[in-house]
Amino acid sequence: MPRKVVLFVSLLAGLLAAVLTRTYLTVKENEIKAEKQRLVDKYKTIDVLAFSHDVPAGTVLSGGDLGILTVPARGLRGQALTEENKSDVLGRRTVTGHKKLEVVFWSDIEGGDPAARGLSADVKRQMRAMSINVNGAASVSGMVKPNDHVDVIGTFNFPDDEGKIRRGDPITCTILQNVLVLATGKETAKSHVRELGFKNPGYSTVTLEVTPREAEMLAFAEQIKGRLILTLRNRNDTSSEKELPQVNYEKIRQEMEALNQKRQLKLGGR
């Protein structure tokens with residue numbers, strides 16, 4: 001057989017082998033991709049925070065200590081920290097040491113999940129959280145929400161000079177102004193954000209942030225069976241009315257007309 005023919009056959013065989021090898025590799029690559037996609041579809045994936053390098057216990061975390069890792073979501077969703085939690089852990093310490101690419105959990109962070117620490121974490125220093133009983137109308141038809149600001153109005157039957165309660169002559173007055181609502185029922189601002197779209201089934205208590213002295217006033221007001229009502233404020237309104245009068249039947253009779261005239265003038269000036 002001439003050498004040219006042998007060379008041609010060899011080249012053809014080599015080319016065929018290369019084509020077959022490439023075809024085989026392509027088939028295997030597609031099989032791997034299909035299997036990977038099957039696993040992704042079955043288990044889903046989630047982007048979580050992971051340590052970008054080895055960190056010892058007690059490390060105060062900075063942005064360079066954390067990266068993003070894509071992992072199967074099964075068993076990790078709701079447990080591992082995601083990118084939206086990054087600002088919550090920066091500046092906090094690790095409880096134990098960790099290796100590079102280990103997933104970050106709340107149990108790894110000193111203090112744990114701030115949302116799981118209860119309402120006390122939201123109460124400012126030297127302030128108190130106090131719940132008062134309200135019904136739908138007393139809480140603006142149940143539309144008062146956590147982080148709203150309200151005024152607290154009370155209606156009472158005060159005793160006369162002889163210490164007797166005169167049931168037929170109640171007095172209404174504003175007790176507190178511009179009070180922060182911490183919770184309505186068991187719903188706080190944090191739970192409202194976490195469960196966005198969840199409809200609050202209603203509530204019979206509202207928790208307010210007050211000073212210790214204000215808490216005493218509210219406790220006394222409820223103890224003497226006064227009726228407390230909340231009025232909802234614009235969240236940007238921090239004003240306060242000075243020298244608000246106590247209102248009774250005589251006060252309404254005397255000022256009703258003047259109040260309505262003043263209101264119409266104010267509305268006309270809009």
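Quick check for you: which residues of segment 128-152 have the amide N under 16 Å from the point 7 Å beyond the Cα of S204 toward its beta carbon? In segment 128-152, the label zone of S204 (backbone N under 16 Å from the point 7 Å along Cα→Cβ) covers 131-139, 142. A Förster radius of 45 Å combined with the Cβ-Cβ distance from V60 to L16 puts the calculated FRET efficiency at roughly 0.10. Here T155 and Q254 are evaluated by their C-beta separation; at R0 = 22 Å the FRET efficiency comes out at 0.75. In this rough spin-label picture, where each label sits 7 Å from Cα along the Cβ direction, the R92-A34 distance is 4.5 nm. Straightening the chain between K100 and I68 buys 10.3 nm, computed as 0.36 nm per residue apart minus the Cα-Cα spacing.
Remark: segment 203-212, residue by residue, has Karplus-estimated 3J(HN,Hα) of 8, 10, 9, 10, 9, 10, 9, 9, 7, x Hz, where x stands for each Gly or Pro and the curve is 6.51 cos²θ - 1.76 cosθ + 1.60 at θ = phi - 60°.
Since every read-out is calculated from the coordinates, none of them should be taken as a lab result. If you're wondering where the values come from, they're calculated on a predicted model, not measured in any experiment. Heads up, the Cβs are rebuilt from the backbone with ideal geometry, glycines too, and the neighbour counts pull from every protein chain shown.
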